[in-house]
Amino acid sequence: MKEMRFYVDTPQIDIQRLSENNDFQISFDVKEDDFTAKLNIRLDPRSIEEDTNDGDDYFPRSFNRLIFSLSTEIDIDQTNFLEKAYFLVREYLGNFFDFVQVELGQYWVDIGPVRDWDLSTFVNRTSAKIVSEDKESDVLIPFGLNKKIRLLPKRRRYPEKSNGIDIRQTQDIQHWLEENKSPDLVTHLLANAKRLLLQGDYRSSSILAITALEEPLKRFVDERYAKKGIKPKPKPRFVGHYLNLFPNILEIDELTKWLSSWMESRNWSAYQINGIQVIDWATELNRKRSGTVHNKEKPAEFETLDKGIFAVEAIIEFVKEGNL
């Protein structure tokens, strides 16, 4: 039996009731490819804070430390075990906090973006231990494993723009910090949609992407119709309606020509994408998003989301450039 333990310090988590032994544990089987293990989640009894009811018996009121334990019967070396633990424990740790925050209403229980943690952050934030003969020792990250894991997550097929830290931007960054600025909401929503896509949270990713698109697209369609002196019937209400109207108020090949110029300016001219494709991809993403939200359908797959998010970003950029 091989075992790793992960100790997670948390904000106060309120307790309603524990077992007769003042305990709370969940154990279930988990799987990652051909790797199988048992995951145990329990509170650290040393972290329990007790209270008393007018001097009567003490009872547990809250705790602030969780223990995640992963054990397996499989013959696996420590490097591969740590790699499997990183993906499995991080996933279920994030899911556990989702449940506490949303289902239990303890929204303050937040330890940061767990699903964004790299391997070093994960090991440090969880005080990771390897267990041998009931003795714990610190988990050490083998050479090269950090780099390997960074290359494992899915990568987007469709292009996106990002910039590196630049010494020439120090004044801009300082000004941003001093002024306590917040990012543009549309850009912020879109960035989070991309991040959640790579994390595998396809439902939330689709919701944020379409939310980012909604207001810019609505404003553009309404202004373009007003410029043409036309009132669409029936009056559009939702983003799906505006996506249906969008092609009708464009000039012939207007979006395709703009796409060609926009993508060339970003050195993406190798991608042959036209306006009809972009509208179709955004429409399909919205259809999948709507089915997920309203009909509890399965979320869009990675490829559909990847294309859809690219399409959403393209339409937003097209609208931002004031194509009226």
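No lab work stands behind these numbers, since they all come straight from the coordinates. Every value quoted in this text rests on a predicted model; they were computed, and no experiment measured them. Positions of Cβ are backbone-derived with ideal geometry, glycine not excepted, and every protein chain shown enters the neighbour counts.
Points to keep in mind about this one:
- Of the two radii for segment 183-320, the radius of gyration is 0.96 times the Kirkwood radius, both from the alpha carbons; that is the Rg over Rh value.
- Computed E for D9/K161 - FRET, C-beta separation, R0 45 angstrom, nearest 0.05: 0.75
- Cross-link table K38/K161; K161/K231; K31/K296, entries beyond 30 Å C-alpha to C-alpha: K38/K161; K161/K231
- Rel. contact order, % - alpha carbon contacts under 8 angstrom, at least six apart, segment 189-324: 34 percent
- Dimensionless Rg/Rh of segment 2-150 - Kirkwood Rh, Rg from C-alpha atoms: 1.00
- Residues K233, K298 arranged by fewest to most Cβ contacts within 10 Å: K233, K298
- The largest-to-smallest principal axis extents of the Cα set in the chain are 75, 53, 45 Å.
- To the nearest ten degrees, helix 185-199 and the longest principal axis of the Cα atoms of the chain are 50 degrees apart.
- For segment 2-150: relative contact order, % (alpha-carbon pairs under 8 angstrom, 6 or more apart): 30 percent
- Model label points for Q174 and D118, set 7 angstrom from Cα along the Cα-to-Cβ axis, are 2.7 nm apart.
- Across the alpha-carbon atoms of segment 67-140, the computed radius of gyration and Dmax are 13.7, 41 angstrom.
- The mean sequence separation of alpha-carbon pairs under 8 Å and at least six residues apart, normalised by the residue count of the chain, gives a relative contact order of 15 percent.
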